[in-house]
């Protein structure tokens with residue numbers, strides 16, 4: 001039996017609002033989280049909660065992943081050989097401390113290059129848009 005066609009209203013409910021800054025901020029933060037996890041671990045080994053705090057501090061709150069986001073990421077990086085871990089006992093509590101591997105350092109350097117390339121494109125686009133706006137204003141004043 002064929003499925004009934006979705007109404008336009010139900011399709012629109014599922015579509016993100018691309019004009020909403022919150023959509024873009026969320027997308028950017030989600031994308032940058034992995035980058036900044038590698039970034040802070042590139043500086044020194046840390047346990048998971050320390051990674052969360054370091055990312056937030058490093059990005060001045062721009063990127064503030066939760067522990068629920070960071071721990072699966074750390075496990076993924078470790079499974080891929082980008083991080084190693086060992087257990088430290090601090091004040092009677094066990095803490096899993098993560099350290100970046102040589103493979104993780106290469107991945108971080110690759111990520112830096114990719115983000116710099118994307119940033120250069122964004123800056124160039126912004127400059128081109130500013131020129132187009134000023135030309136448009138000049139034409140409207142003629």
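Structure notes:
- Taking the range 51-70 as the range and being without any contact (Cβ under 8 Å) to a residue 24 or more places away in the chain and surrounded by 17 or more Cβ atoms within 10 Å (Cβ to Cβ) as the test, the residues that pass are 52, 54, 55.
- Condition met for residue 97 (over 20 Å from the mean Cα position of the chain (by Cα), assigned to a strand (DSSP E or B), surrounded by 10 or more Cβ atoms within 10 Å (Cβ to Cβ) and without any contact (Cβ under 8 Å) to a residue 60 or more places away in the chain): yes
- Condition met for residue 71 (part of a helix (DSSP H, G or I), at pLDDT 95 or above and on the phi < 0 side of the Ramachandran plot): yes
The values are calculated or read from the model by the stated rules, or taken from the named source; none is laboratory data. Every value quoted in this text rests on a predicted model; they were computed, and no experiment measured them. Backbone-built Cβ (ideal geometry, glycine too); neighbour counts: all protein chains shown.
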